[in-house]
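Data block below; observations after.
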Amino acid sequence: MKISIEKRVEPSPLTPYLSPLVSLALALIVCAVIFKAAGANPFKAYREMFMGAFGSDFAIEATLIKATPLILCGLGVAAAFRMQLWNIGAEGQLYVGAIAASWVALNYGFNQPLISLGLMFLAAALAGGIWGMIPGILKAFRGSNEVITTLMMNYIAIFLTSYLVYGPWKDPTGYSVPMTALFNRNSWLPKIFDTSVHGGIIIALILVVLSWILFYKTRWGYEIRVSGANEKAAAYSGMNAAKNIILVMFFSGALAGIAGMSETAGIQHRLQQGLSPGYGYTAIIVAWLARLHPAAVVVSAILFGGLLVGGDQLQISMSMPVSVSNILQGLILFFVLGGEILFSYKIKIGGKSGHQPCPAAKENA
Amino acid sequence: MAGGKLVEMTDITKRFPGVVANSCVCFDLVPGEIHALLGENGAGKSTLMSILSGEYKPDEGSVSVEGVEARFHSPQDAIKLGIGMVHQHFMLVRAHTVMENIMLGLAGTPFFMDRKKLEAKIMETAVQYDMKVDPGAYIWQLSVGEQQRVEILKALIRNTRILILDEPTAVLTPKESETLFTTLRRFREEGRTAIFISHKLDEVMAISDRITILRSGKNAGTIRRDETDEKDLAGRMVGKDSLFEVKKSEKQSGGEILKFNDVHANNDRGIEALKGITLSLREGEILGIAGVAGNGQKELAECLFGLRKIKTGTVSFNNKDITGFNPRKIREAGISYIPEDRIATGLVSSLDFPDNLILNSYFKLPVSKGPFLNFKYIKEWTKKTIEDYDIKVGKIKNPVGLLSGGNLQKLILAREFADNPKVVIAASPSRGLDIGATNNARKLLVEQRDRGAGVILISEDLEEIFQISDRIAVMYEGKIMGILDAKDADREKIGLLMGGIKLGQEADI
């Protein structure tokens, strides 16, 4: 029996749903082997993870808290990815957003929470946006590879944060702990009802809806969809590629910057080192698993939030290293990317194969 | 009968989805000849040679080498028999050196390569054929001509007896072409054989011993060079048959609407592709631009439409200079462009029908209002377009990449004609379409002309050019070889111009 890979004539309507699910399942299976090798019962481990992430009110709240920055950063990178701009700088954009929000909170004591939080929001969006826009400008006018520039800017942002919390912004009463003073209460994002979930998730969900409208209902969203799918057609239509690259990178960075504001104002209530455990990187996987669709980003962010919380649970109850959830994340991305092939090709088992005429030659003929 | 024949290809038929590339083609080679394969683009030259070099398997017919039937499963099998092909698009690893490229896939290469030995061999071969190369140079540092030399060396070092060169001079300067011919003649002196694919008549006459002409996938004759001339070849190359019928009324064309004035521009490789184009278009006429592809037609269209930088010279529209305008401003002025590569440029194949319909008008009323797209209008427009142009769409939400070529072309034409443009530039509008779709596309172009628009029709298909043009210009190597009134033009004259031969009596512009 022969297994051959053939080009699809028509896309299967099921593929967009099936591909992420199959990728997840495969990642879980491979990770089970790793659990086994580490001496743990994979079924028990997965159960622990699931219960830890979704098994109680407390667990669900913890998952939603972690999903919030993932939704925001995931929306951001998905916007850039849609235009084939590989922004892997969400982590740095999150950090500068946190810095900007903290600057507002620490220097301007507004009595009105709404004004205070509103200004923090704008400052974070602007800072993250500019942080994303710089690689965008370099890409648009100099052709610099945005993968490298966005990645390098992550380090600048993270070390800038360290500098601030060890140096000029250090809490004078905080002994030697590297963090700023606590924000004024007016700069805290309120909790939702009597849960531990803060208002950041509301901001995130509003931005999901706005992103969806922006991408599917507006002229500019149309330009982005065309530019990402066919650069030549965009040029033929007269779209300004440089402008769109810069704008999309600004938008992408701004969303990640807002995640930074949401984390500082919602959880830590101060700027501190290591405020993100790599949300900006996990967001890349979140966005891919969601196939860049804003609404699907919510689902995939909650899943990954659960993965992070579940990983912590695993550490507590089975004393497994926390890196297990990193391994699982990596495997999921691996299989999601591998699954891309199913969109344009199908795997055929049996039947004719071998020396078929090369279909590419059709064009010359 | 195989006496003395080195290669015999008999009744070769090769089909690709929707097209027969070779239909019962016979072709033979005798040892020690340079055999030219002449024909327009799409005539099936490259396909036939890809079969000889083992890349494609013929659907029907047989290939024999020295009287023994050869069944090639891959190019490796052909290489073993001494058949090597230098493709139009080079198969070189740009980040590697000349030597690394030559040793790649070289039979009998040990795991640890004796670089000195190979280098010596390369130099020896290079001197023997008078080809200058630096084995240590990286491919990306080399000019196109030098890269071609590397490809030829690659073949020579593999002891190629039959060297196939696919349009080798298309990328060369005249001087480089001369050097190539010297190499080829030396190759022939050693009793080896070369196949030279070309559409340039003067080169074919200069270098070959025998000439086989392909037309629409069929053999249109194999002749000795000394028994033919350029006129004869041109006639055979472009043929005389007719399949299509489009009614066209006699019509007086109006005043000048568009003018190219001494336009120079480079192609994507930075080589000058337009060498001083001066051309004018009148209202209500179809100006056909004939010529074999790659002679600057694509660049001409792109320059007009603002997609390519004009180095020197101007384009004016209604006596207004539009040089350097971007595509949107040019379209807003009233110029429409139907690009040659429908899928690659004219459409976004992963988006749906409405998204493609609005590609060139999404930014203005009524297709969008303020920042928002006007979906109500878009829906109505889509419905009307599908009815008016009789487009078979299937599910509206499907990506348009699934539509047939004819339906895609209707979509593009509908979109481009929506605003009643004053000038239409259409590049190969019927390429790859079946008879019905072809007639339809031509009919729509004639309608635009009758409405008063000036139409520039770029096509390699002379049938198409003759059928609907009012005047015919021929491009060759980035220049206008001549402009004829359609009434005065015949296939022979156009064929000669296409092959780079100037006419005695050139019509005035």
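The values are calculated or read from the model by the stated rules, or taken from the named source; none is laboratory data. A quick note: this is a predicted structure, and the numbers were derived from the prediction, not measured. Don't worry about glycine lacking a Cβ; one is built from the backbone with ideal geometry, like all the others, and counts go over all protein chains shown. In case anyone asks, the SASA skips ligands and DNA or RNA and just uses the protein heavy atoms, side chains included. Shrake-Rupley method; radii C 1.70, N 1.55, O 1.52, S 1.80 Å.
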All alpha-carbon distances of the range A:61-300, grouped into 5 Å bins from 0, give the whole-percent distribution 1, 8, 15, 19, 19, 16, 11, 6, 3, 2, 1, 0, 0
Heavy-atom accessible area per residue of the range A:61-300, all protein chains kept, 1.4 Å probe, expressed in Å², is 39 Å²
Bounding extents of the range A:37-189 in its principal axis frame from Cα atoms, largest first in Å, are 50, 46, 32
Of the accessible area of the range A:61-300, computed with a 1.4 Å probe and all protein chains kept, carbon and sulfur make up a percent value of 68 percent
Phi angles of the range B:148-163, converted by Karplus (6.51 cos²θ - 1.76 cosθ + 1.60, θ = phi - 60°) into ³J(HN,Hα) in whole Hz with x for Gly and Pro, give 4, 4, 4, 4, 5, 4, 3, 5, 5, 5, 7, 6, 6, 9, 10, 9
Accessible-area loss of at least 10 Å² in the complex relative to the chain alone (1.4 Å probe) applies, within the range A:216-230, to A:TYR216, A:LYS217, A:THR218, A:ARG219, A:TYR222, A:GLU223, A:ARG225, A:VAL226, A:ALA229, A:ASN230
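So what's the range B:408-509 giving for Cα Rg divided by 2.2 N^0.38 Å, two decimals?
Ratio of Cα Rg to 2.2 N^0.38 Å: 1.13.
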Here the residues of the range A:232-260 whose accessible area is at least 50 Å² smaller with all protein chains than in the chain alone (probe 1.4 Å) are A:LYS232, A:TYR236, A:SER237
Placing each pseudo-label 7 Å from Cα in the direction of the beta carbon, A:THR173 and B:ASP419 end up separated by a distance in nanometres of 6.6 nm
With +1 on the Cβ of every Lys and Arg and -1 on the Cβ of every Asp and Glu, the dipole magnitude of the range A:61-300 about its Cα centre, in debye rounded to the nearest 20, is 440 debye
Here the gain from full extension of A:TYR163 to A:LEU28, 0.36 nm per residue of separation minus their alpha-carbon distance, amounts to 44.6 nm
Carbon plus sulfur, as percent of the 1.4 Å-probe accessible area of the range B:133-173, comes to 47 percent
Expressed in Å to one decimal, the Kirkwood Rh of the range B:371-453 from all distinct alpha-carbon pairs is 13.9 Å
Computed ³J(HN,Hα) along the range A:204-211: with the Karplus parameters 6.51/-1.76/1.60, θ = phi - 60°, integer Hz and x for glycine or proline, the list is 4, 5, 4, 5, 4, 5, 4, 4
Excluding ligands, DNA and RNA, the carbon-plus-sulfur percentage of the accessible area of the range B:344-403 with a 1.4 Å probe reads 61 percent
Any residue on another chain or 5+ positions along whose placed amide H is under 5 Å from the amide H of B:VAL7 is listed here as B:LEU29, B:GLU66
Total charge of the residues flanking A:PHE35 in space, meaning their Cβ is under 13 Å from its Cβ, with Lys and Arg +1 and Asp and Glu -1, is +2
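Which FRET efficiency value, to the nearest 0.05, is calculated for B:LYS376 and B:ASN326 with the Förster distance at 45 angstrom and r the Cβ-Cβ distance?
Step by step, r from the Cβ atoms, then E = 0.90.
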Listed by chain and number, the residues whose amide H is under 5 Å from that of B:THR278, excluding neighbours fewer than 5 places away on the same chain and using placed H, are B:ASP262, B:VAL263, B:ILE480
Over the Cα atoms of chain B the radius of gyration and the largest Cα-Cα distance (Dmax), both in Å, equal 25.0, 78
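Volume per residue, Å³, of the convex hull around the alpha-carbon atoms of the protein assembly as shown?
Cα convex hull per residue, to the nearest whole number: 212 Å³.
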Distance in Å, no decimals, from the C-alpha centre of the range B:428-497 to the one of the range B:389-404 is 28 Å
Chains A and B: accessible area buried, summed over both chains, 1.4 Å probe, nearest 100 Å², reads 2800 Å²
Karplus-derived 3J(HN,Hα) from phi for the range A:326-339 (6.51 cos²θ - 1.76 cosθ + 1.60, θ = phi - 60°), whole Hz, x at Gly and Pro, runs 5, 4, 4, 4, x, 5, 4, 4, 4, 6, 5, 5, x, x
Distance in Å, no decimals, from the C-alpha centre of the range A:98-142 to the one of the range B:50-100 is 61 Å
Here the relative contact order (percent) of chain A, from C-alpha pairs under 8 Å and at least 6 apart, is 36 percent
Listed by chain and number, the residues whose amide H is under 5 Å from that of B:ILE322, excluding neighbours fewer than 5 places away on the same chain and using placed H, are B:VAL315, B:SER316, B:PHE317
Regression test value, accessible area per residue of the range B:407-481, probe 1.4 Å, units Å², expected 27 Å²
From the Cα centre of the range A:176-242 to that of the range B:313-331, the distance in Å is 39 Å
Looking at the range B:371-386, residues buried by 10 Å² or more relative to their chain on its own, accessible surface at probe 1.4 Å, turn out to be B:PRO371, B:PHE372, B:LEU373, B:PHE375
With the label point 7 Å along the Cα-to-beta-carbon line of A:ILE202 and a cut-off under 14 Å to each amide N, the hits in the range A:258-273 are A:266
